[in-house]
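The values are calculated or read from the model by the stated rules, or taken from the named source; none is laboratory data. Computed from a predicted model, the values in this text were never measured in an experiment. Glycine gets a Cβ as well: all are built from the backbone with ideal geometry, and neighbour counts include every protein chain shown.
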Amino acid sequence: MTNFTLKNSALHAENVALSQIAAEFNTPCYVYSKAALTQAFTSFKAGLVGTNHLVCFAVKANPNIAILNVFAKLGAGFDIVSGGELARVLAAGGDPKKIVFSGVGKNAEEMRAALSAGIFCFNVESASELARLNNVAGEMGKIAPVSLRVNPNVDAKTHPYISTGLKNNKFGVAFEEAIAVYEAAAAMPNIAVHGVDCHIGSQITELAPFIEALDLILGLVDKLETKGIPISHIDVGGGIGITYSDEAPPAFTTYAKAILDKINKRNVKLLFEPGRALVGNAGVLLTKVEYLKPSAKNSDAKNFAIVDAAMNDLMRPALYDAFHNIVAVKPRVGAAETYEIVGPVCESGDFLGHDRNLNLAEGDLLAIMSAGAYGMSMASNYNTRGRAAEIMVDGDKCHVIRQREKIADLFALETCLK
């Protein structure tokens with residue numbers, strides 16, 4: 001995370017001290033680096049120069065329209081999973097002709113919105129969805145461009161909650177059924193078969209699962225060609241991981257080369273759907289220590305540092321037992337103690353980090369690192385807590401890209417019985 005560095009013994013986002021951001025905008029808040037977003041996207045594309053490709057940012061990783069706008073200006077496409085995400089991308093200036101629509105539960109209204117916008121492709125995930133899309137497109141007098149999301153039953157070797165390519169996962173068309181569903185699609189009057197899609201999971205740190213899945217998909221493409229169903233694009237999905245602690249995912253260029261070597265000279269467009277890889281290490285969650293609660297003397301109880309961020313601000317630790325590095329914004333000199341970093345939410349599962357060695361005092365600021373992906377996008381109002389502000393740093397300037405929610409906002413849509 002080269003855009004979050006210590007300068008003059010204080011952690012900065014680019015050229016702005018995080019302590020300055022906390023003083024101006026309060027805590028907790030998300031802080032993103034525009035330079036980090038830009039560097040991640042350009043690094044991802046570097047290994048694809050000279051190829052027919054489209055990099056579609058997975059909006060679910062972080063849907064803030066300022067972040068989407070940064071990527072749109074860089075030429076990105078977008079991978080969406082809801083009508084709401086479609087509306088966000090369009091509001092952010094995204095090109096509808098660069099949008100792919102994934103997700104297992106698209107409803108008719110979402111299909112109509114996507115068809116009206118003129119998206120690039122629907123990633124269809126079941127035979128039933130295909131039939132509904134054909135009907136909706138027919139009612140509108142349109143032809144729906146589709147690829148089937150094929151489930152290859154490949155183990156992504158990641159957390160089971162973010163593994164999506166096994167036969168017991170809810171996602172995609174079973175590999176064994178793909179030919180039959182493609183043949184059905186090709187016979188439908190309002191469906192145009194364009195591609196094949198495969199996404200096996202998230203936070204994958206090895207190349208082998210990607211290559212195993214791609215081998216199966218390429219074999220499927222060959223069989224479809226023999227049946228007179230040509231494929232113009234292959235969507236290899238996303239899922240390449242980032243470094244949270246000691247993970248060593250392949251470099252983007254290494255990943256791209258491995259994919260391109262397999263594609264060889266096939267005349268197809270390649271689609272990629274990175275999410276976490278582009279935003280994960282471009283953001284931190286900034287929080288303040290409210291209370292220190294030391295363990296009782298002569299006991300084996302834990303020391304607690306109670307901060308003003310909580311599981312509603314960053315769900316990943318409670319949901320996946322995920323690790324995020326936690327660092328002091330202004331490191332103190334002296335002996336550290338081992339703390340549980342916890343929030344004020346009324347749940348024992350409300351923790352942000354276990355067994356962290358830090359030298360702390362009440363009022364200190366902490367940065368929870370690698371929080372740019374699945375942080376704010378999974379945030380909630382549990383315990384009637386307003387969601388945090390989001391700040392984008394661009395060089396020495398700070399921009400509020402989402403205001404902090406006020407308490408009154410949280411029940412503005414509710415009414416008492418009359």
Taking first residues from segment 240-255 that are among the small types (Gly, Ala, Ser) and second residues anywhere that are surrounded by fewer than 17 Cβ atoms within 10 Å (Cβ to Cβ), the pairs with Cβ under 7 Å that are 6 or more apart or on different chains are 241/247; 245/323; 245/325
Look at residue 85 and say whether it is part of a helix (DSSP H, G or I), touching a helix residue (DSSP H, G or I) at 6+ places or on another chain (Cβ under 9 Å) and under 21 Å from residue 201 (Cβ atoms). yes
Of the residues in segment 126-155, those that are among the acidic types (Asp, Glu) and under 29 Å from the mean Cα position of the chain (by Cα) come to 129, 155
Examine segment 221-243 for a residue that is in a helix (DSSP H, G or I) and over 19 Å from residue 150 (Cβ atoms), and state whether such a residue exists. no
Of these, 357, 383, which one is surrounded by 13 or more Cβ atoms within 10 Å (Cβ to Cβ) and farther than 17 Å from residue 316 by Cβ? 383
Among the candidates 334, 343, 283, single out the residue that is in contact (Cβ under 8 Å) with a residue 24 or more places away in the chain, within 30 Å of residue 42 (Cβ to Cβ) and of a type in the set (Gly, Ala, Ser). 283
Across segment 19-73, the tally of residues that are hydrophobic (A, V, I, L, M, F, W, C), in a strand (DSSP E or B) and out of contact with any Phe, Trp or Tyr (no Cβ under 9 Å at 6 or more places or on another chain) stands at 1
I'd like the full set of residues that are surrounded by fewer than 23 Cβ atoms within 10 Å (Cβ to Cβ) and among the polar types (S, T, N, Q), limited to segment 72-108. 82, 107
For residue 286, state whether it is part of a strand (DSSP E or B), touching a helix residue (DSSP H, G or I) at 6+ places or on another chain (Cβ under 6 Å) and on the phi < 0 side of the Ramachandran plot. yes
Candidate set: segment 44-71, residues that are farther than 17 Å from residue 374 by Cβ and either touching a Ser or Thr at 6+ places or on another chain (Cβ under 8 Å) or in the same structural domain as residue 284 (by TED's automatic domain parsing) (or both); chosen: the one surrounded by the fewest Cβ atoms within 10 Å (Cβ to Cβ): 46
Can you find a residue that is among the acidic types (Asp, Glu) and part of a helix (DSSP H, G or I) anywhere in segment 94-102? no
Looking at 238, 228, which one is modelled with pLDDT under 95 and out of contact with any Ser or Thr (no Cβ under 6 Å at 6 or more places or on another chain)? 238
Can we say residue 199 is buried (at least 16 other Cβ atoms within 10 Å of the Cβ), within 25 Å of the chain's Cα centre (by Cα) and modelled with pLDDT of 90 or more? no
Matching residues in segment 248-263 - criterion: being farther than 20 Å from residue 218 by Cα and buried (at least 17 other Cβ atoms within 10 Å of the Cβ): 249, 250, 252
How many residues are over 16 Å from residue 114 (Cα atoms) and more than 16 Å from the chain's Cα centre (by Cα) if we restrict to segment 73-91? 3
Out of curiosity, is residue 343 surrounded by fewer than 15 Cβ atoms within 10 Å (Cβ to Cβ) and closer than 19 Å to residue 22 by Cα? no
Criterion violated by residue 409 - all others in (1) part of a loop (DSSP other than H, G, I, E, B); (2) free of Cβ contacts under 8 Å to residues at least 24 places away in the same chain; (3) within 29 Å of the chain's Cα centre (by Cα) satisfied: (1)
